[in-house]
Every structure is written in C-alpha cells, then in structure tokens.
1. Taking the condition under 18 Å from Leu161 (Cβ atoms), open to solvent by less than 50 Å² (accessible area, probe 1.4 Å) and polar (S, T, N, Q), does Ser112 pass?
2. Hey, among Ile147, Ile81, Ile118, Ile60, which residue is among the hydrophobic types (A, V, I, L, M, F, W, C), without any contact (Cβ under 8 Å) to a residue 60 or more places away in the chain and open to solvent by less than 30 Å² (accessible area, probe 1.4 Å)?
3. Kindly indicate the residue of the range 225-271 that is of a type in the set (A, V, I, L, M), within 16 Å of His168 (Cα to Cα) and touching a His at 6+ places or on another chain (Cβ under 9 Å) and also most open to solvent (accessible area, probe 1.4 Å) among those meeting that condition.
4. Among the residues in the range 17-28, are any closer than 23 Å to Ser112 by Cα and in contact (Cβ under 8 Å) with a residue 24 or more places away in the chain?
5. Got a sec? Which of Ala101, Ala13 is of a type outside the set (Ser, Thr, Tyr) and either in contact with a His (Cβ under 9 Å, 6 or more places away or on another chain) or in a strand (DSSP E or B) (or both)?
6. Within the range 189-206, which residues are among the small types (Gly, Ala, Ser) and open to solvent by 10 Å² or more (accessible area, probe 1.4 Å)?
7. Just the residues that are in contact with a strand residue (DSSP E or B) (Cβ under 6 Å, 6 or more places away or on another chain) and over 17 Å from Ser87 (Cβ atoms), please, taken from the range 39-58.
8. Quick one: in the range 223-280, of everything that is among the acidic types (Asp, Glu) and under 14 Å from Leu177 (Cα atoms), which residue is nearest to the chain's Cα centre (by Cα)?
Amino acid sequence: MNKLIRSLHHVTATVTDAQQDLDFYTGLLGQRLVKKTVNFDNHHVYHFYYGNEAGTPGTIMTTFPYEGRGVRVGTKGAGQITVTSFSVPAAALDFWRKRFADRGQAFEDELSGFGESIIRFSDPSGLELRLVGSARDERVPWVLPDIGADRAIRGIHGVTLLVRDPAHTIAVLTDLLDGAVIGTSGGTTRVGINGDAPGQIVEVTLATNESAAVNGLGTVHHVAFAIGNGEQQLEIRDQITRRGLHVTEVMDRQYFTSIYFREPNGVLFEVATVPPGFTADEDLRDLGTALKLPSWEEPNRAAIEAGLPVVTY
C-alpha cells in the first residue's frame, strides 16, 4: 500500500497574551510569522502560524492567544500532547544556551533517551518545549541577522504524547498514519511517521500517576499530520471510519483542508493537506505582514480588527 502520510504538518496550542507569544516565537526563537489570521471558529482571537520562510509542513507551530476570552488555564496530563520539540543543529546548542541565558530564559539540559542532547524550556504561556540537537536535518531554516543558518531552528522535531495505554495510540500511528516504531527508552516509544527524520517523530509516553489532561491556556490542542492532497485525505478518512473512530467532515482551513479525530487515548489528531499553502493569499515575501481573513469573514473585517489586540513584531 502506498504511504499517504508524509510527516508532521503542524502543532497547535492555546496560549495567553498575543504580543508575548509573537515576541517569544519570532524574537527569541527566530521563527517567521508566516500567517496572521483569526481562529475560524472564533474570529475574536488571532491565529498565528510560525515556521520557515514558506511555512513548509513540518516546520509549523500555530497558536491561539485566548487571554481575556474566558478560557481557563489548562492542566497538562494524560491524554494530551505534553511536549513540542524543535530541531536545531547539534553544534548550535551552545549558541542557544547562551542566547537563553542572555535573555533571561530559564532552561535545563537533558538527554532525549534516543542519543540526542536537548534543551528543555517553557514559553510564556507554560507550554513545555525542547530544542533537540540533530546532525541530519536538511530542512532550510528561516534566519535572522542574529541567528545564522548554522544555528537556526529547522522546524518541528516531534511531539510527545502522554497516554495511559500506549499500545492503542501506537497502533493508530502505525496502522493508519504510516508510522513505524524506531526506538524505545524507559516508558517512551518513538514512532517515525513515514521515516525517522526530524519532523517525522511522535513519542508516546506511558502515563503513570498523572491526572487527566484538561484543555485550556498553556496546553497543546492538537497535532496535524501532512497528506498530499484532498483525494488522499478522503481515502484516509475512510480508513479512520472503518477503524471505528469518529472523524469530522473535511474542513476548509484556507491554507489546507483538514479532518480531525481522537485516537483511543483522547489525543486530538488532524490530517491536513499540503496544498494550497500559505502563499494562497500573500506573496512569499509578504507572508505574515497583514491580517488575512477567509472570504466569508471579509464583510466583518472592520469589527474583527477593532476587537483584536494591537500587536507589533
């Protein structure tokens, strides 16, 4: 059977303050803001997309800044993505340690359990993040004057899922999402999605005494997997349905189409198409410079802009 899933597509989290979020991901981490739009389910809230120059699938972190909108602080726990990891050149970890120390960003050094050195830290909303040193990530990064290509983040390395029954999650990853087990360490199983390179990694960790997760501020909402086109998306949707899992209809997200389902331990998965991409409504050089709205929201632009906080970046 031909493999349908290519890699990870993006990770989406619920965060607090919009300006702090922009400052952290574009300023400290040096990511490009590739799209500034709104949550299509709540146009009073921004939706920021961060990634490399074009927002290539597998490089994208997206956030919903919900502070002041009545959303509670979330609880990290079982049935949730608890860690998002970014890939950097292994030789660049000292650069990032110094950058974090100079800017007052707390961090800890760790080993991944799979032969990599990592830096663990948190964003302003409390999301748990890691920089994973890799010598084999060939993706072209977004660079800044103070973060050269030999040091910059390449994209998402992977995500860590905390679940009570890892076997069921691993079965979905391997049977439906073109994954294969590529390693185990302690209570964590590493699954490679259609390969084992950075951007294709899902780690499944056994929950022991952790309480059940509660979505909210400072938690990851879902992880998306990349698929080539809409026809393939319908094919995998049929496979998900045949497995007895509930899956949504195809949803238009403007820059890709999406389906969503929860794997047996409750983690929300999305399957998102690669096309049309973020240049659908902006030139490559202009990505992220203007508030972009879907066509059905354009009549409400004045009210939407008036209700969103003013941000600079």
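The values are calculated or read from the model by the stated rules, or taken from the named source; none is laboratory data. Not measured: the values here are computed from a predicted model. When we count neighbours, we look across all protein chains shown, and the Cβ atoms used for this are built from the backbone with ideal geometry, even at glycine. The accessibility values were calculated without ligands, DNA or RNA, using every heavy atom of the protein model including side chains. Shrake-Rupley method; radii C 1.70, N 1.55, O 1.52, S 1.80 Å.
1. Values: under 18 Å from Leu161 (Cβ atoms): yes; open to solvent by less than 50 Å² (accessible area, probe 1.4 Å): yes; polar (S, T, N, Q): yes.
In short, yes.
2. After applying the criteria, what remains is Ile118.
3. Of the range 225-271, the ones of a type in the set (A, V, I, L, M) are 226-227, 234, 236, 240, 245, 247, 250-251, 259, 267-268, 271.
Checking which are within 16 Å of His168 (Cα to Cα) leaves us with 240, 245, 267-268.
Restricting the remaining residues to those that are touching a His at 6+ places or on another chain (Cβ under 9 Å) gives 240, 267-268.
Values: Ile240: 0, Val267: 3, Leu268: 22 Å².
Here the answer is Leu268.
4. yes
5. Ala13
6. Gly195, Ala197 - these are the residues of the range 189-206 that are among the small types (Gly, Ala, Ser) and open to solvent by 10 Å² or more (accessible area, probe 1.4 Å).
7. Asn39, Val45, Tyr46, His47, Phe48, Tyr49
8. If we take residues in the range 223-280 being among the acidic types (Asp, Glu) and under 14 Å from Leu177 (Cα atoms), then Glu270 is nearest to the chain's Cα centre (by Cα).
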